[in-house]
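Asks: Please read through the structure below; I'll follow up with questions.
The values are calculated or read from the model by the stated rules, or taken from the named source; none is laboratory data. Not measured: the values here are computed from a predicted model. Because the Cβ atoms are built from the backbone with ideal geometry, glycine has one as well, and the counts that use them run over all protein chains shown.
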Amino acid sequence: MANANDRFDVIGIVVDWIDACKQRRLEALLDLYDEEATVECCEGSNFTGRAEIELYWRPRLATAGSEAFAIDALMPEGGGVSLDYRDYDGRPVRTHFRFTSTGRIRLTACEPIRLAA
């Protein structure tokens, strides 16, 4: 799916993002983010800019379990894409992606998914 201006494939960018996570390729992951991007994590902390995003992702990729980064659903949504997947320790989460006009990730906002009993 391309954005409204058909300048980039937002679904493709998210697939590249999850692939970089699965393959523990930190530099490839960081390169998908805009220099001023923000990661809003499930624990309530925010990380802005490449250096802070690296501080967020480096230990998570290094300690990711075998169930990490499995995709459950990938959906276009108003203004971006949402991805349901297993985070670095196998918990189900939803991350909302927003993009710059040049096709870089400007925001990832994560929230836990509560499964029905």
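Asks: What tally of residues in segment 17-35 results from selecting those that are among the hydrophobic types (A, V, I, L, M, F, W, C), closer than 18 Å to V81 by Cα and either in a loop (DSSP other than H, G, I, E, B) or without any contact (Cβ under 8 Å) to a residue 24 or more places away in the chain (or both)?
Replies: So the answer is 2.
Asks: Take segment 87-111 and flag every residue that is surrounded by 19 or more Cβ atoms within 10 Å (Cβ to Cβ), at pLDDT 95 or above and either of a type outside the set (V, I, T) or over 11 Å from the mean Cα position of the chain (by Cα) (or both).
Replies: The answer is F97, F99, L107.
Asks: Separate question: List the pairs whose first member sits in segment 89-109 and is at positive phi, whose second member is of a type in the set (F, W, Y) and not in a strand (DSSP E or B), and whose Cβ atoms are under 9 Å apart, counting only residues at least 6 apart or on separate chains?
Replies: Matching pairs, first to second residue: G103/F8.
Asks: Now a separate question. Quickly run through segment 57-85 and pick out the residues that are without any contact (Cβ under 8 Å) to a residue 24 or more places away in the chain, farther than 24 Å from F8 by Cβ, in contact with a strand residue (DSSP E or B) (Cβ under 8 Å, 6 or more places away or on another chain) and of a type outside the set (D, E, K, R).
Replies: Correct list: A70 only.
Asks: If you go through segment 91-107 one residue at a time, do you hit one that is charged (D, E, K, R) and over 22 Å from N46 (Cβ atoms)?
Replies: To start, the set of residues in segment 91-107 that are charged (D, E, K, R) comprises 91, 94, 98, 104, 106.
From what's left, over 22 Å from N46 (Cβ atoms): none.
So far as segment 91-107 goes, no, none of its residues is charged (D, E, K, R) and over 22 Å from N46 (Cβ atoms).
Asks: Please report, ordered by residue number, the strands (runs of 3 or more DSSP E) entirely within segment 66-117 with at least 1 residues that are among the small types (G, A, S).
Replies: Working: elements: 71-77, 80-86, 92-99, 105-112.
In segment 66-117, 71-77, 80-86, 105-112 are the strands (runs of 3 or more DSSP E) which contain 1 or more residues that are among the small types (G, A, S).
Asks: Okay, moving on. Hey, could you check segment 36-51 for residues that are touching a residue at least 12 places away in the same chain (Cβ under 8 Å) and over 13 Å from the mean Cα position of the chain (by Cα) and say which is surrounded by the fewest Cβ atoms within 10 Å (Cβ to Cβ)?
Replies: Looking at the filtered set, the residue picked out is E36.
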